[in-house]
Every structure is written in C-alpha cells, then in structure tokens.
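Trainee: Following this message is one structure expressed as structure tokens.
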Amino acid sequence: MIKKNNYNLLLSDLTKLKGVGKKTAELLKKKKIINILDLLWKLPKKYTDKSISTKIENIKIGEEQTVTITPYKYNFPRIRNLPNRVLCKDETGFLDCVFFNSYEGYIKKILPLGKQITINGKINFFRNKYQITNPKYISEDSNLIKTKHKKYSLTEGISENVYNKIINQIINNLPDLDEWHNQEILKNFNNVSWKEAVNLLHKPENIGKFQSSFYRRLAFDEIFSSFLVQSEIRKKIKKKKKKTKVIDIKLQNRFIQNLNFKLTEDQIKSINEINNDISSNQKMFRLLQGDVGSGKTIVAIIAAYNVINAGFQVAIMAPTEILARQHYSSIKKNFNSSINVEILSGQTNQKSRKKILNNLERNKINLLIGTHAIFQKKINFKNLGLIIIDEQHKFGVNQRKKLSDKGGDDCDILLMSATPIPRTLTMTIYGDMDISLIKQKPKFRKKVITYTKLDSKINEIINFIQKEISNGNQIFWVCPLIDESNKIDHSSAIKKFEYLKKIFPNKVDILHGKTEKLEKELILKKFLDEKIKILVSTTIIEVGIDFPNANVIIIENANKFGLSQLHQLRGRVGRGQKDSTCILMFKSSLSENARKRLNILKKNNDGFKISEEDMKLRGYGDVLGFKQSGLKIFKLADPVHNHDLFSLAEREIKRIERENENIGRFQTLMKLYDRADIINEMV
Ligand code: ADP
Ligand code: MG
C-alpha cells in the first residue's frame, strides 16, 4: 500500500494496489493507465446518488433508483426458470423485486415481510408493474445506501465497484508532498495543496467544477511542468559560443535597400532578434514562425548573409529537392558573385558531390543548400556558423535537440515554420526555443476568395477553371484520402485525374503517395514551368514552394481537413500578382457546425487566428491532430478554458529564467508530471 511521504509509489505499477491483479492492470494499460498516478487523472463522469430515494409513483423506468418499500407477499413458483418474486409497496404504489437463482431462505432474510427496506437497482416495467431484478443494494438501514457512487467511464472488464474501490484506496493514501509553488502562485488557487486538490477532485459533488481552485491548481501543475521541461532543454542548448560573430550592419542595410520590395515591420523585428542572438555569446536556437506567404525566406537569407559576412559558413536545409532548388535560385539572384553558393541533394552526381565536399572542407563554399543530404556524417564544414531549417514542423523536441548539437559549439540554429498554432500552445510546443513571429503579410498581397460548392455542381467548377486556364492560370486539385485507415487508397485522385484528362487533354497530371520521388520532382517542375495546367494530388502539395502562376485551388471532401490544414493548402495560391480562388467541395450539405467552421476560414486570412478559432470549436487535441494517435498532452488543463493559466505559467517560467532561480523545489513535480515523451511527439 501507499505509504505517506513517498511519491515514488504514485509512480509504481498498478499491481501494487489491493484488488488489482495482472489482468486488471493489463486492461487499464490499454487505456494508457500505466501507474497509480495515471489513475488519479481519470475523473468520474457522473455519480449515482443512492441517498436520494424516490416514491414508487415518481419512479423512472430504465434508471438506477433507490426506493424504500415494504415487502408484503412472497411469490416462489418452484418451477424451473421462473424467478422468485417479492411483492412490495409503498404508500404510492407497487413494485416487485425479482430474483433469479437466489434461495428462498436468503430472500426471506433480506426482505422480511412487513419491514421497511431500502433497495437500489435498475427499474423495469413488466406486465403493467414496476420491478427491480436482482437489486444491487438492499438494506434495512437506509443510511447504509447513502454512499455516493462515482461513475467512471469504464474500461471493459472492470466493474464500477472495483474501480471505485481502487480509486478510493489511492485517494485515502495520498502522500503529503512538500509544496513546490511559492506563495505568489498559490494565491491564485486559494492556497490549496496538491493532496487536498486531488482529494477534492474526486469528490462526487465536485464533478465538472472546472473553474474551482483545486481543479485549476492541478491544471496549472500540468502546464507549468511541461513548460519547465522545455525551459530546461533550452538552458542546455544555450551554451556559450567560443567564436564571436560580428555583424556588418552597413552591408546588411545595403542588401536590404537593393531588394525590390520593402520589408514589413515584423520582418525587420525578426531580423533584429536574430542578429542579437547571432552576435551574442550564447548559441541561438530560434524559431521563425510565420503564416504561409509571410516572407520568412528573405529573413533567413539576410541572417545567412550576415553570418557569411562575419566569416562563417552557412547551411540551409529544405524538406524537398524542389524547394531546395527554389531557394538556391532565389539566393543566387540576391547574392553577389563573391559569395559562393552550392546545392547538394540526392540528385547531385558523384563527381560534383566530391568537389562540393572538398570545397566545403577548404572553406571555399560559403553557403550550402540542400535536402537532409547535407547533414550526412561525411560532410565536414570548415567553419559552420549557422544552420537554417525550412519548414521544420515535422521535428519533435528530441530531433531538435540533436540538431542543436550537430553544427558544433559555434553554430547558431534557425528553424522556420508555417504551422500556425494557437498562441496559448506556443510554449507547450516550442518552449525549448526562442521565437520570432511574423504576423503581418507583405502589403499588396492578393487575397484568396474562398467558396464552398456541392459535389453535384462540379460542372460549374469545370466552367470556371476553363476560363482560368484560357487566361493563362494554373489549378491545384486536391483529393484527400477517403479512407484514412487505408493509406494506399488513391482511387479518388486517380478517378478525378481520368475525368479531368478527358475534358482537358494534355493539361493534367497527377501526384499521389505512390509517385516515385524522382518522378514527383519532375511533375512539380512541369507544373512550375507551366507545361501542365492542372495538378491533381492526394497528399498535401509540398509546403513552401512558390507557384506564382497557380491561382486556383480546389479541395474535394473539404470536411476531411482541419481548418489550419485547409488554410495551409489555400496558401499554395495567391502568391503571385493575380486574384486567387479556393473552392471547397462537399459531398452533401453542411451541418451547422461545419458551416461555422468554414465561415471562420472564409472570413479570416490569418493562420494564427484561424487555428485559435478552430481550437475553440474542436478542442486542442483535434487541432494538433492528436485525437488519432490517442495522445493527450494535458489530462486536466485545457488551452481554451484555462488560457489564463498558460499565461501565468509562461510568466512564472520567464521570471524563474530571468532571476536564474534554482529549480530544485520542482523535482517532485517534474517526476510526477514527466511528459517528455509526449511533448516530443507533438506536432
Ligand atoms: P513563407 O513565409 O511562406 O516562406 P516566402 O518567404 O516564400 O513565404 O515569401 C512569399 C513571397 O513573398 C516571395 O515571393 C517573397 O519574395 C515575397 N515577399 C517576402 N517579403 C516581402 C515583402 N516584404 N514585400 C513583398 N513581397 C515579399
Ligand atoms: Mg517558406
């Protein structure tokens, strides 16, 4: 059993509990309840209050009820398969207690004639009479049934009784833990201790009290501990750099003046934040976050330019070959010939590759662009000062940590992401990094008009794209996988491809999950060079690529996507000079909720705002795509309802970092709330 003052036992195996054997433990494991502590966060959904007894005239059929009755007649038929009955009544009506497989002697003992007895069970109505079959509780003393019984959403194979017994066993033996929060923080929660809070959390009458001090305190513990873990990772990454980088601001400003557009304020702010990091004596580990089309690339290029001018090499990694090439050509255009830029990818031939590797080691290459090929073991830079990773959203925390070690002691790291996540979740997901945020879009950016259309009106869409094509425009046509469980189901895209090919001969091509990598690059290039007009695809069209000539995107089965995803897809168009259109197709008319969500999309063009609103409608799990994986970062906290707690936790972490406070007092908290694995798998 759980001893006092020992949190280790909270983390131990479920079989340590009385009444939990291997079998029960296995069943609970399926619900991701591994240790004793996990059980605590499984809250009762509702409780049946057996203390409230009903009169027979008010009885509710089909529900579990408590009634006080007087048995007045036994009916024991002595025929096999017929149940024994006890006829009972109160002053308002009649009710039978029905027993299968019970001895007469036993029945007579528990339901003596003429005595008032309180019973509890599920009410049926049979042959014009109320009855309770095999009553659950029978007692002469109605007080004995007054214990409130909590209803948990049960794991199959574990009865409610067993569940209640297990939970009560833990609650009654919670260890006293030293408080980890300071007075200032505790004030927000009426000074309720962890133990007291857990106790209150499981009290039947407290079910659903999400705004109570005890609930909020426990939610805060969860949030705070996840931020703390991230903060610790960040501290480890921010090592001292040995070599200093001196930024030549004059050169930078001349470079900026030569651009054919004016940088937005957010771009300038981000550049300044990055410059501060680069010239400081601590390693930069920064995320440049900005919606699709917000202009992250030029910010990264300027960072690269500054680091090169400070005498260091720079590496830029793109997620795909074609994006790497696009970066390569735009950088070539921007940099003067004194800066040596090379590209390295899976397609680079052996000879060029050898030459590139050689030149890298001899510091003859200033900037290397490529796919992940540029981080192979054999590749040695002479003097790498900055790694830039474009569209990093598929990296977990562990991968990021590894990356930070890769470049060596003097190398700064800049990650870029267009995945807009609600502000409240930024620290949870990116708390290991510093963040520069580009919120404004460049001026004069064309808006994408969004429409919804029923599948049955496809002819209108065909007419529309016919016009667009004759105006020299290009079209994306996206078909999501219909059946998520069968990932090789490309039939919908192939069907659509066949269909469109007939209408637009020689103008359509298709990309799907089975298209070979090399062929994929070829098709994308064909589209980029306007050799084809319509590109049908299943999987999401490569992030980050600029297709300035594509100005229409059609998304079939649009309700299969989350709003943020739809927004990202929509961001594939509207990058050039022309007006753009996004058409969302649906199989049938929209539900109320679906319409609400689509209106958010139609009215907003800001990915952050959209993800925030989407989260309010669907909950954060869905927005982050967690639901499928069964992962949940927080068991109690909710970014929508507890957004103030997220801010409070962020302020407290920042304060602790600023004041360089010892975090020893959080040891227990961090042990109890270790979510490192889950945080790592996020996003
Ligand atoms: P993303 O943030 O999605 O990576 P990009 O960096 O690819 O966006 O920028 C999208 C387009 O906007 C590019 O063609 C880029 O040249 C252009 N752009 C970037 N900044 C500005 C600006 N301040 N004014 C006008 N156009 C800009
Ligand atoms: Mg980009």
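The values are calculated or read from the model by the stated rules, or taken from the named source; none is laboratory data. Being a predicted model, the structure only gives us computed values, none of them experimental. All Cβ positions, even for glycine, are placed from backbone atoms using ideal geometry, and neighbour counts span all protein chains on display. In case anyone asks, the SASA skips ligands and DNA or RNA and just uses the protein heavy atoms, side chains included. Shrake-Rupley method; radii C 1.70, N 1.55, O 1.52, S 1.80 Å.
Trainee: Taking Cα pairs under 8 Å and at least six residues apart, what relative contact order does the range 249-438 come out at, in percent?
Mentor: The normalised contact order for the range 249-438 reaches 33 percent.
Trainee: Okay, next question. By how many degrees, between 0 and 90 and to the nearest 10, does the Cα long axis of helix 607-618 differ from the longest principal axis of the chain?
Mentor: 10
Trainee: Based solely on its DSSP helices, what 222 nm [θ] is calculated for the chain when runs of n ≥ 4 H residues each add -39,500 (n - 2.57) and the sum is averaged over all residues, nearest 500 deg cm²/dmol?
Mentor: For the chain, the value works out to -11000 deg cm²/dmol.
Trainee: For the range 51-146, what does the accessible surface come to per residue with a 1.4 Å probe? Please give it in Å².
Mentor: 62
Trainee: Per residue and in Å³, how big is the convex hull formed by the alpha-carbon atoms of the range 563-607?
Mentor: Roughly 82 Å³ of hull volume per residue.
Trainee: Leaving out ligands, DNA and RNA, and with a 1.4 Å probe, what % of the accessible surface on the chain is carbon or sulfur?
Mentor: Answer for the chain is 49 percent, counting heavy atoms of protein chains only.
Trainee: If packing is taken as the average count of other Cβ atoms within 10 Å, what order do 583-593, 53-63, 663-673 fall into, highest mean first?
Mentor: Going from most to least packed, we get 663-673, 583-593, 53-63.
Trainee: With an 8 Å Cα cut-off and a minimum separation of 6 or more residues, compute the relative contact order for the chain in percent.
Mentor: Reported relative contact order: 13 percent.
Trainee: Another one. Mind listing the phi-derived Karplus ³J(HN,Hα) values for the range 471-477, rounded to whole Hz, using 6.51, -1.76 and 1.60 with θ = phi - 60°, and x for any glycine or proline?
Mentor: Per residue, the Karplus-derived 3J(HN,Hα) values read 8, x, 9, 10, 10, 9, 10 Hz.
Trainee: Now for a separate question. If I fit a long axis through the Cα atoms of helix 296-309 and take the longest principal axis of the Cα atoms of the chain, what angle between them do I get, 0 to 90°, rounded to 10?
Mentor: Result, in degrees: 50.
Trainee: For residue 667 and residue 176 in one chain, what is 0.36 nm times their gap in residues minus the Cα-Cα distance, to one decimal in nm?
Mentor: 175.3 nm
Trainee: Can you give the extra length, in nm with one decimal, that the chain gains between residue 398 and residue 498 once fully stretched, where that is 0.36 nm per residue apart less the Cα-Cα distance?
Mentor: Taking 0.36 nm per residue and subtracting the Cα distance, the gain is 31.7 nm.
Trainee: Further question on the same structure: Averaging over all projection directions, find the projected area of the Cα convex hull of the range 448-604 and quote it in nm² with one decimal place.
Mentor: Computed as one quarter of the Cα hull surface, the answer is 9.0 nm².
Trainee: Could you state, as a whole-number percent, how many of the C-alpha pairs of the chain are farther apart than 43 Å?
Mentor: Cα-Cα pairs in the chain separated by more than 43 Å: 43 percent.
Trainee: About its Cα centre, what dipole magnitude does the range 249-438 give when the only charges are +1 on Lys and Arg Cβ and -1 on Asp and Glu Cβ, stated in debye to the nearest 20?
Mentor: 800
Trainee: In nm, give the distance between the simple-model label positions of residue 211 and residue 435, each being 7 Å from the Cα along the Cα-to-Cβ direction.
Mentor: 2.6
Trainee: Ordered by packing density, taken as the mean number of other Cβ atoms within 10 Å over each peptide's residues, highest first, how do 361-367, 294-300 rank?
Mentor: 294-300, 361-367
Trainee: Still on this structure, I have one more. With a 1.4 Å probe and all protein chains kept in place, how much accessible area does residue 254 have, in Å² rounded to the nearest 10?
Mentor: About 140 Å², ignoring ligands and nucleic acids.
Trainee: Roughly speaking, what is the centre-to-centre gap between the range 181-229 and the range 427-458 when only Cα atoms are used, to the nearest Å?
Mentor: 35
Trainee: Contour minus end-to-end for residue 100 and residue 596, with contour as 0.36 nm per residue of separation and end-to-end as the Cα-Cα distance?
Mentor: Extra length from residue 100 to residue 596 when fully extended: 173.2 nm.
Trainee: Work out how far the C-alpha atoms of the range 249-438 reach from end to end along every principal axis, then list the three figures in whole Å, largest first.
Mentor: Cα spread of the range 249-438 along its principal axes, largest to smallest: 49, 39, 34 Å.
Trainee: Suppose every K and R has +1 on its Cβ and every D and E has -1 on its Cβ; what is the size of the dipole of the range 51-146 about the Cα centre, in Debye to the nearest 20?
Mentor: Once rounded to the nearest 20, the dipole reads 360 debye.
Trainee: From the P(r) of the range 51-146, could you give the percentage of C-alpha pairs in the tail past 18 Å?
Mentor: So the pairs more than 18 Å apart make up 39 percent of the total in the range 51-146.
Trainee: Taking every pair of alpha-carbon atoms in the range 259-332, what share in percent sits in each 5 Å bin, from 0 to the bin with the longest distance?
Mentor: Reading the bins upward from 0: 3, 13, 24, 27, 21, 11, 2, 0.
Trainee: Compute the long axis of helix 321-334 from its Cα atoms, compare it with the longest principal axis of the Cα atoms of the chain, and write down the angle in degrees, 0 to 90, nearest 10.
Mentor: Around 40 degrees separate the two axes.
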